[in-house]
Amino acid sequence: MVLMTPAELLDSFIVQIRLTDRDTVPGHLVERDGPVHRNYPSDPGQRGAMIECPEGLGQDPEHWIARQVAFFTGRGQRVEWKTYSTDPVPWLHERLSAAGFVAEEVEVLMLGELGDLVHDVALPEGTTLRDIESETDWRRVGHLMGGVWGTDSAWVHDHLRAEQRERPDLMVATVVEQDSAGPVLAYALLRFSEGTDFCGLWGGSTDPRWRGRGLYRALLAHRARTALDRGYRYARVDTSPDSRPILTRLGLHQVATTTPYVLTPA
């Protein structure tokens, strides 16, 4: 098997995922407005609308940005423009800010071979790892999410649960727990990008009292094995400073930064 370089991985990710709109939520409307790729829930009251411009914005970027502002403002819908450092648009961040988009935290896109994440990790005594689907388990995950990320994370949790309900074949949610009735100690998601070689590793959250004890690494290994069993080869992760050192040691590559810009209609 020939291993790809980080640059080749990034090129493959752009071709397989970004150019073909494979990074969309099941049930979303998927559209092209000139060079702009956008997907969004049909209900304007729902969050999760996204914009990208992997092929640039042509000779008049302000025109295409203004069209998205008008479109989503007209719907009264919050939207995130997901930018990458590789997007071929000069001064994109400044142009989005001038149009009313607000930058959120910068993350680093990491790509790599799933096989590099498969390793033996001993969980702390008395804990187990288990895939979930039930509403009861998702409520327990919601409690963990609220404690780790605050109440503003509730919409993300609800959005992900709805996504799994819509296409359970494309998402696996996994928890680490001491028992099925007690608190969730850590959880993470595996999302399959259908028709590609890539899967996404999302949602890694661990109770602060249980950090540094191998829970995140165990969840990584479990998800990697699951994805390999289904025929996927590559992992993609939008990483935080907490997860980045672990993934780097395991062999994933930092290939770009990604910054969300959010427009919230008044």
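Extension gain for Arg244 to Glu194 (0.36 nm times residue separation, less C-alpha to C-alpha distance): 15.5 nm.
Farthest towards the positive end of the charge dipole of the range 93-205, among the residues Val156, Ser193, Thr128, is the Cα of Val156, using unit charges on the Cβ of Lys, Arg, Asp and Glu. Dimensions of the chain based on its C-alpha atoms, expressed as ranges along the principal axes with the largest first, amount to 59, 44, 30 Å. With a cut-off of at most 12 other beta carbons within 10 Å, and DSSP calling the residue loop, which chymotrypsin sites (Phe, Trp or Tyr not before Pro) in the range 47-97 qualify? Please list them. Answer in residue order: Trp91.
Note on Arg32/Ala99: beta-carbon distance plugged into 1/(1 + (r/R0)^6) with R0 of 30 Å gives a FRET efficiency of 0.95.
In terms of its Cα atoms, the range 1-58 spans 46, 28, 13 Å along the principal axes, sorted from long to short. All Cα-Cα separations within the range 113-255 were binned at 10 Å from zero, giving a P(r) of 11, 44, 37, 7, 0, each value a whole percent of the pairs. Within the chain, what's the longest stretch lacking GluC sites (Glu not before Pro) that sit in DSSP loops with no more than 11 other Cβ atoms inside 10 Å? After excluding every exposed loop site, the longest remaining stretch is 1-103.
Just so you know, all these numbers are worked out from the coordinates, no wet-lab data involved. This structure is a prediction, so every number in the text was calculated from the model and none was measured. Don't worry about glycine lacking a Cβ; one is built from the backbone with ideal geometry, like all the others, and counts go over all protein chains shown.
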